[in-house]
Amino acid sequence: MDGCDVVARGDYRGALPLVGVVSPAGSVRVGAGAIGSAPWQAVQDAIEDRSYLLLHAGFFTCGFHIAFLVTHLPGEVNLCGLPPAVASWSLALIGLANIVGSLIAGWCTQRFRSKYILAMMYGSRALLIGWYLLEPRTKWTFYSFAVGLGLTWLATVPPTATIVGKLFGIRYLSTLFGLTLLSHQIGGFLGAYLGGLALVRFGDYQWMWYADMALAAAAALINLPIREARIAPVSSPA
């Protein structure tokens, strides 16, 4: 794009001091396979790693969850007999809570093992859906549901990228994390498509909520066996 062409190389220098804040030295290793290997070799090594495949499975569930809700939340609100404004406010609250949740997730990756952060996020989604199914469908139920979902919406990205960096280094991080996003998008396609199919077949989203809750619970368990080094303490500057 034209806007990218006008960015001078020196403009990136102002962001360099932030690197030490976002990712302190020593928190992400370079990795044995990151140096002197071609991208295709890095991908092959990653695909043969069980932890990387488990990470894909969890991120697939994240995409399924997000796309289903973004696509079909307005329809769910309509089925409950509530005005369209409830859906608008719910989506807005998801976006606002997402900012907070993503910042908290980035902070947590420096202090806790990322696989436990992911397990907690996916598990909280399963519990939140269960709570939603038991509550009366009022506008405040939708608003509370939206805030809870927003806190883990895209907050799964920092710990997922952190695990990829820990497992394989940072040289091909963009490639390997990009492949996890591919799984995320496949899950997103199925979440949106199957939601519409369920509505046509059954007239509501009840079975999709059950499937979404089961996938979230499975994703929480799937992340626990992932191989991840413990967090090394970051020494404070003198």
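Please list Met213, Met120, Met208 in order of solvent-accessible area, largest first, computed with a 1.4 Å probe with all protein chains present.
Values: Met213 55, Met120 130, Met208 15 Å².
If we order Met213, Met120, Met208 from most to least accessible, we get Met120, Met213, Met208.
Each peptide in 172-178, 112-118, 47-53, 57-63 was scored by the mean count of other Cβ atoms within 10 Å over its residues; highest first, the order is 57-63, 112-118, 172-178, 47-53. To the nearest 10 square angstrom, how much accessible area does Trp153 have with a 1.4 angstrom probe? Probe radius 1.4 Å; accessible area of Trp153 about 30 Å². Of the solvent-accessible surface of the range 81-238, computed with a 1.4 Å probe and all protein chains present, 73% belongs to carbon and sulfur.
The values are calculated or read from the model by the stated rules, or taken from the named source; none is laboratory data. If you're wondering where the values come from, they're calculated on a predicted model, not measured in any experiment. Cβ: placed from backbone, ideal geometry, glycine included. Neighbour counts: every protein chain shown. Note: areas computed on protein heavy atoms with side chains; ligands, DNA, RNA excluded. Shrake-Rupley method; radii C 1.70, N 1.55, O 1.52, S 1.80 Å.
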